[in-house]
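Every number here is computed from the coordinates shown, using simple stated rules; none is lab data. Just so you know, these numbers come straight off a predicted model, no measurement behind them. Cβ placement follows ideal geometry from the backbone for every residue including glycine, while neighbour counts extend to all protein chains displayed.
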Amino acid sequence: MKVDRRIALAIGAALMLFAPPAAADYPDRPITMIVPFGAGGTTDVIARSLAGALEPALGQKIVVINKDGAAGVIGTTELGRSKADGYTIGMIPVGPLTTQPHLRELAYSVDSFDYICQAYSNPQVLIVTTDSPYKTLKDLIADAKAKPGQIRYGSSGPGTIPHLAMLDFVRKAGIDLTHVPGKGEADAFRSMLGGTVIGFPVHTGFVTANADRVRPLAIMAAQRRSEFPDLPTFKEAGLDVSFDVWGGLVAPKGLPADVRSKLEKACAAAQASAVYREQQTKLKMPPVSSTGAAFAAFVRAEFARNGNIIKDAGLRSKQ
């Protein structure tokens, strides 16, 4: 059957009206970046730094919005429920993505998102007080073996990365330590200074900021860091313990391929910019970059590893 040329043209024009916008049109308005923690924290500071570098790369304003609460779950849930059009993205850290889904029932999972790029990664450092009898990690291990269950360590809370890091350390070292959870990093620090716990894991920035009050024993990284050249790794003590507090740019699952490609390229350009690198240096945060595919694979590996630790420790609170 022949179709009238005018009808065919009309149908074609109508289809164009309803077709999704081409990549060249994205973005044509400001983009919202959700941060699932309060203003002033590491995730927020990195988010605002990256947002500023993304704006020239995308040609649009990035509006950072803090959605704090429930250990990052509230903001991450909102991101997962947002429209997958590239106009709502998030700077989401390790906890909401890889530990919280194992600890309780949530409205999202690790598969609810598209992963754009990793933005930061900060290894954990086990610290004690400057007057602690422990000068090295081996000192602590030897004392723990002599006093099973008697030595107390702190953390920023049950199921947090510092807690999981210590659980992994304790298992691999074959020792028995008692966990005294705090209500955040500041609370754990007070417990250490007051003698309730012998120490706890923190990020490298905390060590630098409190250098006169803490003694770092070892860093949970694959190799020594340039900012702490004399600080040995756990691996040097024969323990394969590596934990970082990290975060990255994430979007709701189902981004159009062209939009996702633009965001990935913009993130790479932003992270390579001199301004962004200078800001990261000031924060004592070595620049981290990755493709979306590499970041997604990394997140899933962390999700599996952290889930196994949580399960083995009996921390799951799912009903």
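Remarks
- Per-bin percent of Cα-Cα distances, the chain [20 Å]: 30, 51, 15, 4, 1
- Computed over every Cα-Cα pair of the stretch 123-237 and binned at 5 Å starting from 0, the pair-distance distribution P(r) comes out as 2, 13, 25, 28, 21, 10, 1 percent.
- ³J(HN,Hα), Karplus 6.51/-1.76/1.60, whole Hz, each residue of the stretch 54-70, x for Gly, Pro: 6, 4, x, 6, 9, x, 9, 6, 10, 9, 8, 10, 8, 10, 7, x, 6
- Nearest-ten-degree value, helix 161-173 long axis tilted from longest Cα axis of the chain: 50 degrees
- The chain - mean residue ellipticity at 222 nm from DSSP helices (-39,500 (n - 2.57) per run, n ≥ 4, rounded to 500): -12500 deg cm²/dmol
- Springs between Cα atoms under 10 Å define the GNM used for the chain, and in it the highest mean-square fluctuation of 262, 135, 282 occurs at 282.
- Calculated over the stretch 64-197, the projected area of the Cα convex hull averaged across directions stands at 9.8 nm².
- Contour excess over end-to-end distance, with Cα ends at residue 283 and residue 236 and 0.36 nm allotted per residue: 14.2 nm
- Structure note, pairs 172/311; 83/183; 183/311; 183/282: Cα-Cα distances above 24 angstrom occur for 83/183; 183/282.
- By the rule of a C-alpha distance below 24 Å, with chain neighbours fewer than 8 residues away ignored, the lysines paired with residue 284 are 235.
- Cβ crowding within 10 Å, taken as a proxy for footprinting-reagent exposure, orders 275, 94, 35, 207 from fewest neighbours to most as 275, 207, 94, 35.
- Highest-MSF residue in the chain out of 154, 254, 86 [GNM, Cα springs under 10 Å]: 254
- Value of relative contact order over the stretch 123-237, rounded to a whole percent, pairs C-alpha under 8 Å and six or more apart: 39 percent
- The chain: relative contact order as a whole-number percent, Cα under 8 Å and 6+ apart: 27 percent
- Residue order for 83, 67, fewest other beta carbons within 10 angstrom first, comes to 83, 67.
- Placing dummy labels 7 Å off each Cα toward the beta-carbon, the span from residue 224 to residue 210 is 2.5 nm.
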